[in-house]
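Below: one structure, written as structure tokens.
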Amino acid sequence: MNYDSLEMKIPAGPATKTIAIFGLALPMMVMCRAAGAGNERQQVEALFTGLVSAQEPGAAVLIVKDGRVVFEHGYGVMDLRTRRGIDARTNFRLASVTKQFTAAAVMLLVRDGNLRYEDSLTGSFPDFPEYGQAITIRHLLNHTSGLPDYEDLMPPADSTLPMEQVQIKDAGVLELLKRQDSGKFVPGAQWAYSNSGYVLLGLVVEKASGRPFAEFLRDRIFAPLKMTGTVAYEHGKNDVPNRAYGHTREGGRWRETDQSPTSATLGDGGIYSSLSDLLKWDETLRRHTLLSELEMRPALTPVCVSEGPPTEPDGAPAAYGFGWFLNPWKRHARMWHYGETAGFRTAIQRFTDDGLTVIILCNRTDFDARALALKAAGLFLEGFR
């Protein structure tokens with residue numbers, strides 16, 4: 001059976017109009033755990049009241065205040081085949097939320113003495129073209145490398161072949177970049193969000209550690225933190241437990257759209273994780289148990305460039321460190337990121353001075369996870385003043 005072609009009819013009616021207004025469509029709650037927060041919790045529940053069938057793809061929502069879970073809900077199903085409900089252990093493809101883990105892997109190797117932030121790209125890949133000599137690990141981490149986007153360099157995918165055969169992997173990205181004569185700008189002069197840079201960082205971790213990137217993540221980050229369900233997924237090499245599959249609504253029907261030609265790279269977006277494991281990650285960031293506060297400082301220092309201020313991919317003003325956006329929201333300091341890939345939308349918003357974290361993981365593309373997380377955060381930031 002070709003699961004990519006699975007479809008499910010979406011009921012028409014008032015709910016459809018509500019979805020168009022709010023930009024989200026969350027089905028009936030199938031899992032709930034909440035404590036305290038009183039009125040704020042009730043307001044968040046109102047945000048996520050079931051709008052459509054519990055048998056549709058959905059989302060997982062986590063809100064943490066000062067290390068305590070104050071809201072945790074699962075909505076909808078992991079896939080249209082088993083119709084298993086989403087819960088705290090459901091693993092979603094994180095997409096670009098992966099980048100904070102790739103950055104952490106690099107920072108661990110810097111602490112180990114196996115890397116330096118000022119090491120050049122050609123130090124890891126001596127056969128890389130001359131334009132790589134001026135690109136440093138720091139440039140890759142903060143998106144100032146000027147590397148071309150590998151998505152723009154890929155040839156058109158052959159639609160007659162299985163997806164796994166047309167997907168590009170990290171080594172393929174490196175080869176595409178080696179064929180280029182120059183970058184888009186002088187390294188450090190401008191800021192441009194770069195999936196290419198984070199794919200190469202995964203390969204740099206492999207070179208510096210002497211082990212596969214997915215294995216390094218498992219042994220140095222996931223296992224020590226007891227993030228037992230989190231994996232950097234590689235088709236044919238490992239499995240994703242409790243896996244949610246991505247979906248898109250097309251012509252009034254749900255279609256499973258779980259993979260694309262760019263879904264097999266690791267460093268820029270290949271990790272799957274759950275609310276349960278990301279709660280442990282949030283606690284680690286709060287307590288500095290993996291990387292000390294001093295070691296994290298470079299990651300939380302906004303990059304400065306000489307040619308124009310950084311902007312997000314949608315043109316909004318941005319600040320970026322290592323794997324984290326850093327611009328505040330309504331004067332609240334935060335570190336945050338979002339992810340978008342075939343069938344998935346994800347977001348993590350950490351308001352560091354307020355002790356508030358909001359995480360949204362969605363296995364459907366008609367949700368704006370970032371906006372939804374900010375709407376929920378706003379309720380708690382107001383309520384805890």
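Every number here is computed from the coordinates shown, using simple stated rules; none is lab data. Bear in mind the structure is a predicted one, so any value in this text is a computation, not a measurement. Neighbour counts are summed over all protein chains in view; Cβ atoms, including those assigned to glycine, are modelled from backbone coordinates with ideal geometry.
Odds and ends about this structure:
- Footprinting exposure proxy for Lys207, Lys99, Lys226 (fewest neighbouring C-beta atoms within 10 Å first): Lys226, Lys207, Lys99
- Rg ratio (alpha-carbon, reference 2.2 N^0.38 Å) - the chain: 0.97
- For region 75-126: rounded, prolate or oblate by the Cα gyration tensor [a/c cutoff 1.5]: prolate
- 3J(HN,Hα) along region 356-364, derived from phi through the Karplus expression 6.51 cos²θ - 1.76 cosθ + 1.60 where θ = phi - 60°, amounts to 10, 10, 10, 10, 10, 10, 10, 10, 8 Hz, with x in place of Gly and Pro.
- Total lysine pairs whose alpha carbons fall under 14 Å of each other in the chain (8 or more apart, or interchain): 4
- Whole-Hz couplings from phi, Karplus 6.51/-1.76/1.60, listed for region 156-166; x for Gly and Pro: x, 6, 7, 5, 7, 9, x, 4, 4, 7, 9
- Values of log10 I(q)/I(0), in the order q = 0.18, 0.25, 0.26, 0.28 Å⁻¹, for region 170-227 under a Debye, Cα-only, solvent-free model: -0.75, -1.04, -1.07, -1.14
- Shape of region 313-385, Cα gyration tensor, a/c cut at 1.5: oblate
- Mean separation of Cα contacts under 8 Å (6+ apart) over length of the chain, as relative contact order %: 22
- Rounded Å value of the spacing that divides the Cα centres of region 53-87 and region 329-385: 15
- Considering only alpha-carbon pairs that sit under 8 angstrom and 6 or more positions apart, the relative contact order computed for region 143-277 is 32 percent.
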